[in-house]
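Let me begin by presenting the structure, written as structure tokens, before commenting on it.
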Amino acid sequence: MEEEESTQIKQTLNDLSVKIDELSKSIEKTLGEKKEYAEAKINENPLAYVAGAFVGGVIVGYVMGRGKG
């Protein structure tokens with residue numbers, strides 16, 4: 001009985017390991033595609049993205065500075 005349970009647990013762990021590997025590969029592929037898309041968009045108009053990041057930083061800095069007063 002215990003040996004049967006042990007075998008079943010090992011099989012379940014093996015199945016989970018395979019599923020985790022598949023999920024990891026899927027996540028890596030998705031992140032790679034998103035990264036390529038983002039890089040392509042930034043390369044199309046880099047000044048707009050730099051300006052947006054600058055303005056965003058100024059706004060965050062202002063809001064954080066106001067909170068300390």
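Can you give the angle from 0 to 90° between the axis of helix 2-44 and the longest principal axis of the chain, with both taken from C-alpha atoms, to the nearest 10?
20
Only helical DSSP H runs with n ≥ 4 go in: add -39500 (n - 2.57) per run for the chain, normalise by residue count and round the 222 nm mean residue ellipticity to 500 deg cm²/dmol.
Result for the chain, helices only: -35000 deg cm²/dmol.
Only four residue types carry charge here, +1 at the Cβ of Lys and Arg and -1 at the Cβ of Asp and Glu. Report the dipole size of the chain about the Cα centre in Debye, rounded to the nearest 20.
920
Just to confirm my numbers, what's the Cα centroid distance between segment 1-23 and segment 29-68 in Å?
43
Can you give me the angle between helix 46-68 and the longest principal axis of the chain, using Cα atoms only, in degrees from 0 to 90, rounded to the nearest 10?
90
Suppose R0 equals 30 Å. What FRET efficiency, 1/(1 + (r/R0)^6) with r the Cβ-Cβ distance, do Met1 and Asp21 give to the nearest 0.05?
So, using R0 = 30 Å, E works out to roughly 0.45.
Using a simple spin-label model with points 7 Å from Cα along the Cα→Cβ vector, what separation in nm is obtained for Gln8 and Phe54?
Using points 7 Å along Cα→Cβ, the separation is 6.5 nm.
Any read-out appearing in this document is the output of simple, stated calculations on the displayed coordinates, not a laboratory observation. This one's a predicted model, so the numbers in the text were calculated from it and none came from an experiment. Cβ coordinates were reconstructed from backbone atoms using ideal geometry, including for glycine residues, and neighbour counts include every protein chain displayed.
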